[in-house]
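Quick notes on the structure that follows.
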Amino acid sequence: MRLSHNDYLKIAFPFIVSTVTQPLLGAVDTAVVGQLGMAELIGGVAIGTVIMNTLYWLFGFFRVSTTGQSAIALGKNDVQEQASSLLRPFMLALIVGLFFILMQPLIWQGAMLIISPEESVAVHAKTYFGIMIYGAPFVLLNYVLIGWLMGQAKAKATLFTQVFGNVLNIVLDIVFVYYFDLGVAGVAYASLIAQVTTFAIGTYLVINTSKFSLREHISMVKMSRADLGVIMSSNMDLLLRTVCILVFFNMMARVGSSSVQMFWQQTLS
């Protein structure tokens with residue numbers, strides 16, 4: 001069966017949306033806090049967003065690789081392989097997400113050594129980071145769920161999940177910040193709730209669209225060292241690519257920081 005350009009677009013568009021969703025949450029948080037008119041709040045949210053997005057970028061391969069494995073299993077019409085293409089990366093993403101939570105003190109200290117913000121900004125950044133880090137398992141699991149659904153050609157389901165999560169985040173940002181006056185903590189809680197809700201919707205869609213029973217296949221799926229090695233080896237190129245991109249962006253930011261500062265000084269003077 002030959003696929004038309006429209007068929008490709010139907011699959012690619014939700015993938016693009018899911019890629020920009022996580023940075024968009026941070027951008028919305030920054031925009032809402034920006035309306036409060038305090039530079040320290042804006043800087044704190046911006047730094048917290050950079051830290052979280054860096055972590056998620058490093059493991060963005062969960063979505064990409066799961067999509068590929070899910071599509072291969074669908075093409076083979078292999079129900080057991082479809083279950084494995086979901087459950088294996090799901091378990092690995094859960095482990096990585098929980099590891100982030102356990103290692104949050106070291107992650108925070110490492111980020112502060114690199115960024116070195118002012119104390120007034122660091123206080124708000126720590127508040128934001130301290131809340132958002134608990135969304136790490138849900139974000140990584142969402143990568144797997146959305147990737148699997150896209151591999152199963154469930155474009156509308158993935159698009160609905162992403163759009164609903166973004167809209168919910170915006171609404172909660174406004175409510176928590178403007179009505180409950182929660183400030184930085186408010187936008188962090190809004191994003192966290194949106195991430196958990198997106199995970200719940202994704203789980204519901206997977207359960208209701210899959211051709212297999214998760215309960216029956218969970219016990220059948222094994223995560224041996226060989227299986228883990230296959231998953232990591234297939235994703236290593238994507239991980240190295242992401243690391244190189246992040247290093248490049250950080251280098252350019254350092255090189256260009258003085259130029260940006262001079263530009264703003266000239267603009268504001």
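What follows draws every value from the coordinates through simple rules; no lab data is involved. Given the structure is predicted, the values throughout are model-derived calculations rather than measurements. Ideal geometry is used to build each Cβ from the backbone, glycine not excepted, and the neighbour counts take in all protein chains shown.
By how many nm would the segment from Phe99 to Ala185 lengthen if fully extended, with 0.36 nm per residue of separation less the alpha-carbon distance?
Numbers: separation 86, 0.36 × 86 = 30.96 nm, distance 2.27 nm.
Result for the pair: 28.7 nm of gain on full extension.
What distance in nm separates the two pseudo spin-label positions at Asp78 and Tyr204, each 7 Å out from Cα along the beta-carbon direction?
3.3 nm
Fewest Cβ neighbours within 10 Å first, please rank Ile115, Ile51, Ile107 accordingly.
On the way: Ile115 15, Ile51 22, Ile107 19.
Fewest to most other Cβ atoms nearby, the residues stand as Ile115, Ile107, Ile51.
Could you tell me which of rounded, prolate or oblate describes segment 92-218, using a ≥ b ≥ c as the square roots of the eigenvalues of the alpha-carbon gyration tensor, with rounded for a/c under 1.5 and, failing that, prolate when a/b is larger than b/c and oblate otherwise?
oblate
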